[in-house]
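A.B. asks: One structure, pasted below without further comment.
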Amino acid sequence: MTTLEQMEHTGSYYPAALGEPEPMSMLASAAYTFLGFEGIRVPFDLCVEGEALGCKIRDGGQDSPPSVVERAFGEKESLHIPKNVFDKGRFPAVFKAVGMLKKKFGDEVTIYAGVAGPLTLLGYLYNAATVMRWPIKDPARMDENLNAAVVFILEYVRCLFGAGCDVLVVIDPSASGDLLSRKHFQRHMVPTYQRMRKEIGEPVVLHICGYTLDFLDLLPETGFEAFSFEGPKVQVRTAREKVGEKMLLVGNIPTYDVLLFGTPDQVREESLKALNEGIDLLAPSCGVPVQTPTANLKAMVKAIEEFRKERK
């Protein structure tokens, strides 16, 4: 949720903002102070965990976040967590940035912390193609490593809430129906998410981009408070029909066709459509490209203001 224009506005740029607490908090806060969004999220990428656990990372530049280029474990290796892992890598910077944001804004705005979901984390650690074979060829190994990933994630989550975040966002794109069948989602992911929900005593948003229509009706079983999803692959009306009122719906403004390449009028139209169809928290449907125009992001805020006035 950051752009080049936000970097220019704050004077806080990648790559410093990816790993230093003050630039990170400054840049993150622009979503609220500059754009008018009613939430601030850190960190900006999903590689913090994999990097600390041994993945080789391609460093991010001014116009791109880091990415995993080499797995940490061989297919037959057990997932093991280094001692004092949360003192390593960029974890300390993330915790400090969360604390700085909480100290500055208090309860004025929600502070979200994003973590890689368990299946996505395993994809980084073992290679996604390897992990996607496990449900078919070695389901016991799938469960074993999902459980190990959850143990690690829960420790990370405790640190994040301890630092001051208000809401957790579990970002698990590898659990998309583009990669995982309904059968395997129900068999492996629902129990995994249920375990996480049982241990996390704070609000959780589950984000899965891509195609999720085949298992929308299973999501309330996770117990998570909200589901964030991608448009236009999944329409708000369809998600509401499948999920009912058991979860808040977050999304689903397309990040490329609308936010990056569209116009403010197109953003307004898509935003009002989502709001009228029942979206609870209007948001981009996935990661926002750094080249996204500020005018398009602010058009989402204006659409919410317009929607609220019409509802009074």
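The values are calculated or read from the model by the stated rules, or taken from the named source; none is laboratory data. None of these values were measured; they are calculated from a predicted model. Quick reminder, even Gly has a Cβ in these numbers, built from the backbone with ideal geometry, and neighbours come from all protein chains shown.
A.B. asks: Is one or more of the residues making up the range 250-270 assigned to a helix (DSSP H, G or I), in contact with a helix residue (DSSP H, G or I) (Cβ under 8 Å, 6 or more places away or on another chain), within 17 Å of Val169 (Cα to Cα) and among the polar types (S, T, N, Q)?
C.D. replies: Checked against the condition, which is being assigned to a helix (DSSP H, G or I), in contact with a helix residue (DSSP H, G or I) (Cβ under 8 Å, 6 or more places away or on another chain), within 17 Å of Val169 (Cα to Cα) and among the polar types (S, T, N, Q), the range 250-270 yields no hits at all.
A.B. asks: Can you find even one residue in the range 278-289 that is part of a helix (DSSP H, G or I) and either in contact (Cβ under 8 Å) with a residue 12 or more places away in the chain or closer than 17 Å to Gly39 by Cα (or both)?
C.D. replies: Within the range 278-289 (the criterion being part of a helix (DSSP H, G or I) and either in contact (Cβ under 8 Å) with a residue 12 or more places away in the chain or closer than 17 Å to Gly39 by Cα (or both)), the answer is no, since none of the residues qualifies.
A.B. asks: In the list Glu221, Glu270, Glu202, which residue meets the criterion of being surrounded by fewer than 16 Cβ atoms within 10 Å (Cβ to Cβ), over 24 Å from Asp45 (Cα atoms) and modelled with pLDDT of 95 or more?
C.D. replies: Result of the check over Glu221, Glu270, Glu202: Glu221.
A.B. asks: Got a number for residues in the range 222-249 being touching a residue at least 12 places away in the same chain (Cβ under 8 Å) and not in a loop (DSSP other than H, G, I, E, B)?
C.D. replies: Adding up the residues that qualify gives 13.
A.B. asks: If you don't mind, another one. Would you check if there is a residue in the range 252-271 being of a type in the set (A, V, I, L, M, F, W, C) and farther than 19 Å from Glu5 by Cα?
C.D. replies: Among the residues of the range 252-271, at least one is of a type in the set (A, V, I, L, M, F, W, C) and farther than 19 Å from Glu5 by Cα, which makes the answer yes.
A.B. asks: Between a first residue in the range 61-75 that is without any contact (Cβ under 8 Å) to a residue 60 or more places away in the chain and a second residue that is charged (D, E, K, R) and surrounded by fewer than 12 Cβ atoms within 10 Å (Cβ to Cβ), which pairs have beta carbons less than 9 Å apart while being 6 or more apart in sequence or on different chains?
C.D. replies: Val68/Lys56; Val69/Lys56; Glu70/Lys56; Arg71/Lys56; Ala72/Lys56
A.B. asks: Exactly one condition in (1) on the phi < 0 side of the Ramachandran plot; (2) among the small types (Gly, Ala, Ser); (3) exposed (fewer than 15 other Cβ atoms within 10 Å of the Cβ) is not met by Gly244; state its number.
C.D. replies: Single failed check for Gly244: (1).
A.B. asks: Taking the range 11-44, which residues are within 30 Å of Asn145 (Cα to Cα), assigned to a loop (DSSP other than H, G, I, E, B) and in contact with a strand residue (DSSP E or B) (Cβ under 8 Å, 6 or more places away or on another chain)?
C.D. replies: Across the range 11-44, the qualifying residue is only Pro43.
A.B. asks: Here's another thing I want to ask about it. Residue under question is Ala239, and the condition is that it be surrounded by 20 or more Cβ atoms within 10 Å (Cβ to Cβ) and at pLDDT 95 or above; does it hold?
C.D. replies: Considered against the rule, which asks whether it is surrounded by 20 or more Cβ atoms within 10 Å (Cβ to Cβ) and at pLDDT 95 or above, Ala239 comes out as yes.
A.B. asks: Further question: Being under 18 Å from Glu199 (Cα atoms), of a type in the set (Gly, Ala, Ser) and out of contact with any Ser or Thr (no Cβ under 9 Å at 6 or more places or on another chain) is the requirement here; does Gly89 meet it?
C.D. replies: When the stated conditions are applied, Gly89 does not pass them.
Residues are listed down the side, and each one gets a yes or a no for (1) within 23 Å of Glu221 (Cα to Cα); (2) touching a strand residue (DSSP E or B) at 6+ places or on another chain (Cβ under 6 Å); (3) surrounded by fewer than 16 Cβ atoms within 10 Å (Cβ to Cβ); (4) not hydrophobic (A, V, I, L, M, F, W, C):
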position	(1), (2), (3), (4)
Gln235	yes, no, no, yes
Val258	no, no, no, no
Thr263	no, no, yes, yes
Pro289	no, no, no, yes
Ala303	no, no, no, no
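A.B. asks: When you look at Ser78, is it part of a loop (DSSP other than H, G, I, E, B) and either crowded, with 20+ Cβ neighbours inside 10 Å or touching a residue at least 40 places away in the same chain (Cβ under 8 Å) (or both), yes or no?
C.D. replies: So Ser78 passes the test.
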